[in-house]
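Only the coordinates and a few stated rules stand behind these numbers; no lab work does. Since we're looking at a predicted model, the values are computed, not measured. Because the Cβ atoms are built from the backbone with ideal geometry, glycine has one as well, and the counts that use them run over all protein chains shown.
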């Protein structure tokens, strides 16, 4: 039997009184794909991700994860997904090992000590495992958050700015780890980022949001060709500033 | 397909409750100010009321004031207040740590979350109150454990009320953000006058007595006075309080689930500032 896509968003809309945060968007993330969600501040990325996580209820439309409606049936699939977001933190007084132990137990991870040791080795956390999370540098915190996001070997990973505040070397290292993880687990990844080089490197497909709608989408190569640009950053600026695709602009 | 086929997540998992309890125990162990806070206020209360009882007992009816009604009421009031506060404090730790999103995105179910908070409420209660009961014995000769079966009745009813209030307060904070945090610290004080902690319910005007009898603590504190002054264990009062508590717990759990749903509609689960 064919498994449903990791994410299937259909006519998804969220309105807060008169303000429309997300306005009838549809897209899918197949198993094993990395999809980038781009957009300026207030474009609706975070609300979209929150609805995919089931933390925000849509006004209309559906967000399904592996076929489960996240508004009504999220408990059936939460153990198969995980996320990293700048909107949340890990308890500061707990050590890295304690935090990972708590989350490992919440996710029912078998052989948890080995799992933590493996993640610590992969993400270069071994030396800081017994340090309180609140005493870590920004880069170390990001790696710990990534370790928490990978503790249950999720089939779907939602990443919101995963390399923000990291130095270029560490950021590159984290991206490599995300690429390896996706290849190893055939995991689907939805990545929200403002780092266009990162999106270009990691994503098979890019969705650009503006004012709650999907302004454009395609592979990075498609978008570059369509807008006649050298970088995704220029494409992003074209969309943000209302300049249409080159193909459309040509009479 | 994935390398390992996904295992279904059970509807209730003691391991998830244990995980969350472990998280709070790690926190308590790592923070001596939190431990001191648990003992500090009950001790101050007990000493204050203990001396007041000594003073009043020398100038008034020693049968009433010498029987430990004041200090017993103070200790039981702290059971009520601390059971709610212990529940709410663990909840607030998640809000302060900005960890709620991580928990809500994990397979942890609302019932498991509430159960973990209940366990931590008991832990905090015992850490805070057991030393104080020993001090009450040493300084004022009041042995709360001599209340025997009555103490078990009183304790059970008071912690059930504390949890019911704590559950509603947690839901309100989830829905409205940290602007509602003050409720966690103050809401229980409404029980101080209405629950007739330090005086009999007959002191209240008639219409207020009707309200007072809707609250389980009223039955407990009336029962305490009956026990320490008249030496009568009023099981009828305890059973009535228990019945009201069951209703309160069911209503507060339903309110919590409704408030979580409202928070999902309002989008306030990820934005938990003021």
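From the Cα gyration tensor of segment A:119-178, with a ≥ b ≥ c the square roots of its eigenvalues, which class applies: rounded if a/c is under 1.5, or else prolate if a/b is larger than b/c, or else oblate?
Taking the square roots of the gyration eigenvalues as a ≥ b ≥ c, segment A:119-178 is oblate.
Go ahead and set up a Gaussian network model of chain B, Cα springs under 10 Å, then flag whichever of B:128, B:177, B:72 fluctuates most.
Result: B:177 has the largest fluctuation of those listed.
Tell me, what is the FRET efficiency for residue B:250 and residue A:75 to the nearest 0.05, using R0 = 25 angstrom and their Cβ-Cβ distance as r?
Approximately 0.70, to the nearest 0.05.
As a test, work out the antiparallel percent of DSSP beta bridges whose residues both lie in the protein assembly as shown, rounded to the nearest 5.
55 percent
Under a 10 Å cutoff between Cα atoms, tell me which one of A:35, A:199, A:20 has the largest fluctuation in the Gaussian network model of chain A.
Of the options given, A:20 has the highest mean-square fluctuation.
Beyond 44 Å, what share of the Cα-Cα pairs of the protein assembly as shown is found? Please give it as a whole percent.
Of the Cα pairs, 29 percent sit more than 44 Å apart.
Determine the distance separating the Cα centre of segment A:78-122 from the Cα centre of segment A:1-38; give it in Å without decimals.
Going from one Cα centre to the other spans 27 Å.
Counting only DSSP beta bridges with both residues in segment A:7-218, what percent are antiparallel, rounded to the nearest 5? Could the numbers behind the result be given before it?
Details: 21 of 39 bridges.
Bridges in segment A:7-218 that DSSP calls antiparallel: roughly 55 percent.
If you take the Cα Rg of segment B:212-272 and divide it by 2.2 N^0.38 Å, with N the number of residues, what do you get?
1.72
Once you have all Cα-Cα distances for chain B, histogram them in 5 Å bins from zero and send the whole-percent values.
In order of increasing distance, the bins hold 1, 6, 12, 15, 17, 15, 12, 9, 6, 4, 2, 1, 1, 0, 0, 0, 0 percent.
How large is Rg over Rh for chain A, taking Rg from the Cα atoms and Rh as the Kirkwood inverse mean of 1/r across Cα pairs?
Looking at chain A, the ratio lands at 0.98.
Distance between the C-alpha centers of segment B:28-52 and segment A:215-229? Whole Å please.
Segment B:28-52 and segment A:215-229 have Cα centres separated by 64 Å.
Any chance you could check the Cα centroid distance between segment B:107-154 and segment B:206-253 for me, in angstrom?
Segment B:107-154 and segment B:206-253 have Cα centres spaced 18 Å from each other.
What is the fewest-to-most order of B:185, B:258, B:32, B:163 by other Cβ atoms lying within 10 Å of their Cβ?
B:32, B:258, B:185, B:163
In nm, what is the difference between 0.36 nm times the number of residues separating residue A:213 and residue A:165 and their Cα-Cα distance?
Computed gain between residue A:213 and residue A:165 is 14.5 nm.
How many Cβ atoms of partner chains, on average, are near each residue of A:107-117 if near means within 10 Å of its Cβ?
Values: counts 7, 9, 0, 2, 0, 0, 0, 0, 0, 0, 0.
Counting Cβ atoms of other protein chains within 10 Å of each residue's Cβ and averaging gives 2.
Determine, from the Cβ-Cβ distance of residue A:137 and residue B:199 and an R0 of 51 Å, the FRET efficiency 1/(1 + (r/R0)^6), rounded to the nearest 0.05. Display every interim value, and only then the final one.
Details: r = 58 Å, r/R0 = 1.13.
Computed FRET efficiency for residue A:137 and residue B:199: 0.30.
Identify which of A:63, A:28, A:15 has the largest mean-square fluctuation in a Gaussian network model of chain A, with springs joining Cα atoms closer than 10 Å.
In this elastic network of chain A, the residue with the biggest mean-square fluctuation among A:63, A:28, A:15 is A:15.
Can you tell me how segment A:76-141 classifies by the Cα gyration tensor, rounded, prolate or oblate, using a/c under 1.5 as the rounded cut?
oblate
Within 10 Å of each Cβ in A:144-151, how many Cβ atoms from other chains are there, averaged over the peptide? Can you show the working numbers first?
Values: counts 0, 1, 0, 0, 2, 2, 0, 1.
What the average comes to for A:144-151 is 1.
Using only Cα atoms, figure out Rg for segment B:192-243 and give it as a multiple of 2.2 N^0.38 Å.
Numbers: Rg = 10.3 Å, N = 52, 2.2 N^0.38 = 9.9 Å.
Rounded to two decimals, the normalised Rg is 1.05.
Cα gyration tensor of segment A:64-207, axes a ≥ b ≥ c as square roots of the eigenvalues: rounded (a/c below 1.5), prolate (a/b > b/c) or oblate?
Verdict is oblate for segment A:64-207.
Label-point separation (nm) for residue A:233 and residue B:56, each offset 7 Å from Cα along Cα-to-Cβ?
7.4 nm
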